[in-house]
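Read-outs: derived from the displayed coordinates by stated rules, not from any lab. Note that this is a predicted model, so its numbers are computed, not measured. Cβ placement follows ideal geometry from the backbone for every residue including glycine, while neighbour counts extend to all protein chains displayed.
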Amino acid sequence: FDQLDGFIWMDGEFVKWSEAKIHVLTHGLHYGSSVFEGERAYGGEIFKLTEHTERLHESARIMGFKIPFSVAEIDESCRQLLKKQGFQDAYVRPIAWRGSDSLGVSAPNSRIHCAIAIWQWPSYFDPEQRLKGIRLDIAEYRRPDPRTAPSHAKASGLYMICTISKHAAEAKGYSDAMMLDWRGQVAEATGANIFFARDGKLHTPKADCFLNGITRRTVIELAKARGIEVAERVIMPEELEDFEECFLCGTAAEVTPVAEIGPYRFRPGPLCETMMEDYMEAVQPRRAVAAE
Ligand code: PMP
């Protein structure tokens, strides 16, 4: 993956993809002092770009560092890089991290670096499986208590348990894993939020210990615009047998129906289809709806 053609924007400059390197003593690598974003471009425009860049800045603030490029500068660099890469539809990955100026847990004066990479990542889940609904395992690891970890930052360190959980699920033949939180309540998948449906109404866990995804907020808004009720509430895993439909949503996953979570079964139906269609329409350039 580090030998592709094209460019990466790094600390204000476009460098050749294969030359965008960091030192092995980078603080972000040793101590997880790194935050990132995941965005998608559709038809040459990045969906909700500024919201993503603002979240990147906010994640850095939570982690105690300041990105040396403004939101407007990062937005503009993303747009320029998308053009330079020559893609219409693509995945956009900005990242910011503490550098290699000193290596101890405390490194308050380390330089903060920022980079953006853009590549083609058509569908997060296999498109054919997606229509049938994907299969999820239930992860062993749980989303931590917000008093234990900076839950609302999109911080690289929080993805450690996501990678372990996704690998474990894949090794058993599942596409992904649903994670519970530290209280045992349904939380999210390893890189996407989760919704359930019953009797024409959507239900989703309150985002109080995991990322309140931009896609999650878009889906809620789109549902409400159609008069579909959305309950943001505590969902216990035992309740899953009462739901008819289930889907994941996130920038990479978009809206992906779920057919199975551990012992529970769902049938992708009208609400999955409606939200898939409305989301794909919303992401098209100039027809985007604004999330709050
Ligand atoms: N939860 C996790 C753990 C994620 O990685 C993502 C993807 N960024 C999401 C939720 C969904 O967030 P968004 O809709 O902003 O992409």
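Couple of notes before you dig in:
- Put a plus charge on the Cβ of each Lys and Arg, a minus charge on the Cβ of each Asp and Glu, and nothing anywhere else: the dipole of the chain about its Cα centre is then about 520 debye.
- Computed Rg/Rh of segment 107-169, alpha carbon atoms with Kirkwood Rh: 1.07
- Comparing Arg226, Arg79, Arg98 in a Gaussian network model of the chain, where Cα atoms under 10 Å apart are tied by springs, the biggest mean-square fluctuation is seen for Arg226.
- Angle in degrees between helix 49-62 and the longest Cα principal axis of the chain, rounded to the nearest 10: 70 degrees
- Lysine pair count for the chain [Cα-Cα under 23 Å; pairs on different chains or 8 or more apart]: 21
- Relative to the longest principal axis of the Cα atoms of the chain, the long axis of helix 71-85 makes an angle of roughly 90 degrees.
- Fraction of beta bridges assigned by DSSP in segment 127-282 that are antiparallel (%, nearest 5): 65 percent
- Equivalent ellipsoid semi-axes, segment 127-282, via Cα gyration tensor eigenvalues times 5, rooted, Å: 22, 18, 15
- Note on segment 127-282: dipole from Cβ charges, positive end direction compared against Leu271, Gln185, His203; the farthest Cα belongs to Gln185.
- Fully extending the segment from Arg226 to Ala149 would add 24.1 nm, taking 0.36 nm per residue of separation and subtracting the current Cα-Cα distance.
- Helix 160-171 axis, angle to the chain major axis (alpha carbon atoms, nearest 10°): 50 degrees
- Local electrostatic count, Leu25, Cβ distance below 14 Å [Lys/Arg +1, Asp/Glu -1]: +2
- Couplings for segment 191-208, taken from phi via the Karplus curve 6.51 cos²θ - 1.76 cosθ + 1.60 with θ = phi - 60°, read x, 6, 8, 10, 10, 10, 9, 7, 6, x, 10, 9, 10, 8, x, 5, 7, 9 Hz in order; Gly and Pro are left as x.
- Converting the Cα gyration tensor eigenvalues of the chain into ellipsoid dimensions via √(5λ) gives semi-axes, longest first, of 32, 22, 17 Å.
- Dipole magnitude for segment 7-119: computed about the Cα centre from +1 point charges on Lys and Arg Cβ and -1 point charges on Asp and Glu Cβ, it is near 220 debye.
- Each of Gly44, Pro146, Ser102 was placed along the dipole of the chain (beta-carbon charges, centred on the mean Cα), and the one lying farthest toward the positive end is Ser102.
- Equivalent ellipsoid, segment 7-119 (semi-axes from 5 times Cα gyration tensor eigenvalues, Å): 25, 15, 10
- When you restrict to C-alpha pairs under 8 Å that are six or more residues apart and normalise by the size of segment 7-119, the relative contact order lands at 38 percent.
- The stretch between Asp5 and Gln284 holds 97.7 nm of extra length on full extension. This uses 0.36 nm per residue minus the Cα-Cα distance.
- Taking amide hydrogens as placed 1.01 Å from N in the peptide plane, the amide H of Phe87 sits under 5 Å from that of no residue at least 5 positions away in sequence or on another chain.
- Residues whose amide H comes within less than 5 Å of that of Thr251, counting only those at least five positions distant or on another chain, are Thr215 (H built at 1.01 Å from N in the peptide plane).
- Long-range amide H partners of Ala177 with built H, under 5 Å: Asp137, Thr190
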